[in-house]
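For reference, the structure discussed in these notes is given below.
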Amino acid sequence: MSSIVPLPLGQRIPPRLHAVSCSLPTMHAVRGYEEKNPEVTKHLTSGYPRFVVHPLLKELGEHVARTGGLPDHTVWLTSSVRTARALAASLSGVPGLEVFDGEIPAVAHPADANVWGRAKVYLQNVGGFMSSRCAEDHLVRLGVRAAAEPETLFKGDAVAEIHRVLRPAFAGCGPQDLHLTTCGMSAVQGAFQAAAALQAARGRTLWVQLGWLYLDTIAILKRFTSTPRDYVYLPNVFDTAAIERLFAEHGSRIAGIVTEIPTNPLVQTPDVPHLTALARKHGAMLLLDPSVNSAFNLDVLPHADAVLCSLTKYTASEGDLTAGLIAINPAGPHAADLRRETPPRLHPVYPRDRARLAAQIGETPRVLAKINESTVRVVDFLSAQPAVKEVYWALRGESCGNYYRLARSPQSVGGMISFTLRTPLERFYDRLRLAKGPSFGMKTTLICPFMYLAHYDLVTTPAGRAELAASGIEPDLLRLCVGTEPVEEIIAALAEALR
């Protein structure tokens, strides 16, 4: 009997209190989630922590409001006092705003849908929500909950253990170069703001987004660049002539380039050594994010000024915590400046999250070896199916040579596959037995209609669809990240839904 079975709407993936994904088993559920349909959302007890406020945070927020004499207020629990103050600054002018800078950092404001939306998007973009484990521990300390959910934690120095496992992927880095933070987006935000501040002091304010990147990376670039003119989007990662023209015309103003290796969701890899040469020649910085396929598969540090990683992916392969990492290239021309400017901009990782990460990070090489092996077989299967139109993965077309320049071995292909269909999306998606929800890089194989979850505003409007088409993205693209289940069972589930 197959271990892959359909999951009901709202089930946590994995089925634990601190899970980072949840089941959206039909396209009706996906649309209902995006449109806040109560018939769907009432089943969602959890979700990806930057998008869905964890029930433990809601419980603690209600306690803070009740005991703090703030009826009819919304309370946002943050990762630190500094984050609370930054959130309050982003909401400046809101009447009745209160900042809690004690043991439970938070921001409260009178209930207001517009302010609620602004606050949530800010915390989502920068990864500033309080950890669910932190909220759980506060609830236990306050006597609201009897005890924390049992789980395996690392006994000893968790940071030292995490660094020990990470060090082979970041050769030459010392403790001063490896900086943990709450999630991948916190890493992106912290590194970008540090680099932007350094470059702005040198008169460089123009930042280049190369390729279609993850939703909140784009949002951070747009939010924190000095003016709209200082944000430049180059959609084609393979158009080296366009990149060279940009540097020829604006080289003295270019602060840096931000890109993913490979990109999400088209899994495209640019010519990274060429980017490095251009950046070094013109005094720009290069910030690279290898989260899609893992820094354990790709040796990107020698080419970057800073590497930004979501440790939620692959290293936290159980799927029950978020964490991020900034690795500063110690041999890079900006290393000393970045070491100074980066740490103050990061959100601290809660100790129990560190202990949980340390308990599972040692499995990363074994988990990735299994995922890498299975991915090749799944790609071969999908590529042979008449109902499948396009398959995007690390070794597709123009990406292949660029990817292999960085790959640690010929087998280091990562787990992400995106594909499009010649048949209706809804029929395939609804029939599929695989776990369906956000996130990737877990032992559990996960699939989702990625553009619907990340860019629902674009897939549902003619103008938005035109914008996606201009970047070579089909709205009905599916993003699959292979897990560690028997690959025959993964392929059987796909074959069943494609019939």
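Quick notes
- Taken over segment 149-163, residues that are within 14 Å of H18 (Cβ to Cβ) and either surrounded by 14 or more Cβ atoms within 10 Å (Cβ to Cβ) or among the charged types (D, E, K, R) (or both) amount to 3.
- Within the option set L434, L478, L494, being in contact with a helix residue (DSSP H, G or I) (Cβ under 6 Å, 6 or more places away or on another chain), closer than 30 Å to T315 by Cβ and among the hydrophobic types (A, V, I, L, M, F, W, C) holds for one residue only, L434.
- In segment 227-249, the residues that are open to solvent by less than 60 Å² (accessible area, probe 1.4 Å) and hydrophobic (A, V, I, L, M, F, W, C): V232, L234, V237, F238, A241, A242, I243, L246, F247
- Exactly one residue among L166, L180 is open to solvent by 10 Å² or more (accessible area, probe 1.4 Å) and modelled with pLDDT of 95 or more, and that residue is L180.
- Whichever residue in segment 10-20 is in contact with a strand residue (DSSP E or B) (Cβ under 9 Å, 6 or more places away or on another chain) and open to solvent by 50 Å² or more (accessible area, probe 1.4 Å) and, among such residues, is farthest from I220 (Cα to Cα): Q11
- Yes/no for E62 being within 15 Å of S132 (Cα to Cα) and among the acidic types (D, E): yes
- Counting only helices (runs of 4 or more DSSP H) that fall entirely inside segment 32-128 and contain at least 2 residues that are out of contact with any Gly (no Cβ under 8 Å at 6 or more places or on another chain), the qualifying elements are 55-67, 81-90, 113-126.
- Residue ranges of strands (runs of 3 or more DSSP E) in segment 402-499 with at least 3 members open to solvent by 20 Å² or more (accessible area, probe 1.4 Å) and closer than 23 Å to T259 by Cβ: none
- Among (1) touching an Asp or Glu at 6+ places or on another chain (Cβ under 8 Å); (2) assigned to a helix (DSSP H, G or I) - the single one A191 does not satisfy: (1)
- Given (1) of a type outside the set (S, T, Y); (2) open to solvent by 20 Å² or more (accessible area, probe 1.4 Å); (3) more than 18 Å from A335 (Cα to Cα), number of the condition A200 does not satisfy: (3)
- Close pairs (9 angstrom Cβ cut-off, 6 or more residues apart or separate chains): within 16 Å of I104 (Cα to Cα) and touching a residue at least 60 places away in the same chain (Cβ under 8 Å) in segment 136-160, open to solvent by less than 50 Å² (accessible area, probe 1.4 Å) and basic (K, R) anywhere: E136/R352; D137/R352
- Of the residues making up segment 271-309, those that are open to solvent by less than 10 Å² (accessible area, probe 1.4 Å), closer than 17 Å to L198 by Cα and assigned to a loop (DSSP other than H, G, I, E, B) are A284, A304, D305.
- Per-region count, segment 377-401, residues buried (at least 21 other Cβ atoms within 10 Å of the Cβ), hydroxyl-bearing (S, T, Y) and outside any strand (DSSP E or B): 1
- There is at least one residue in segment 205-217 that is in a loop (DSSP other than H, G, I, E, B) and closer than 12 Å to G256 by Cβ.
- G127 vs. criteria small (G, A, S) and open to solvent by less than 10 Å² (accessible area, probe 1.4 Å): yes
- Scanning segment 448-470 for residues that are of a type in the set (G, A, S) and closer than 18 Å to I417 by Cα yields one hit, A454.
- Residues of segment 49-98 classified as open to solvent by less than 60 Å² (accessible area, probe 1.4 Å) and under 28 Å from the mean Cα position of the chain (by Cα), total: 27
- Some residue of segment 319-336 being touching a strand residue (DSSP E or B) at 6+ places or on another chain (Cβ under 8 Å), part of a helix (DSSP H, G or I) and open to solvent by 10 Å² or more (accessible area, probe 1.4 Å): no
- Any hit, segment 230-243, residues being under 27 Å from F51 (Cβ atoms), part of a loop (DSSP other than H, G, I, E, B), touching a residue at least 24 places away in the same chain (Cβ under 8 Å) and out of contact with any Gly (no Cβ under 9 Å at 6 or more places or on another chain): no
- Residues of segment 1-55 classified as among the basic types (K, R) and under 16 Å from S439 (Cα atoms), total: 3
- In this structure, L139 does not qualify as within 26 Å of V307 (Cα to Cα), open to solvent by less than 20 Å² (accessible area, probe 1.4 Å) and in a helix (DSSP H, G or I).
- All conditions but one from (1) under 22 Å from C400 (Cβ atoms); (2) assigned to a strand (DSSP E or B) apply to V258; the one that does not is (1).
- Condition check for P175: part of a loop (DSSP other than H, G, I, E, B) and farther than 26 Å from L56 by Cα: yes
- Tally, over segment 337-361, of residues that are out of contact with any strand residue (DSSP E or B) (no Cβ under 9 Å at 6 or more places or on another chain) and open to solvent by less than 50 Å² (accessible area, probe 1.4 Å): 10
- Residue match in segment 21-34 (condition: under 19 Å from A316 (Cα atoms), in contact (Cβ under 8 Å) with a residue 60 or more places away in the chain and surrounded by 24 or more Cβ atoms within 10 Å (Cβ to Cβ)): yes
The values are calculated or read from the model by the stated rules, or taken from the named source; none is laboratory data. Quick caveat, the model's predicted, so the values are computed rather than measured. All Cβ positions, even for glycine, are placed from backbone atoms using ideal geometry, and neighbour counts span all protein chains on display. Heavy atoms of the whole protein, side chains included, go into the accessibility calculation; ligands, DNA and RNA do not. Shrake-Rupley method; radii C 1.70, N 1.55, O 1.52, S 1.80 Å.
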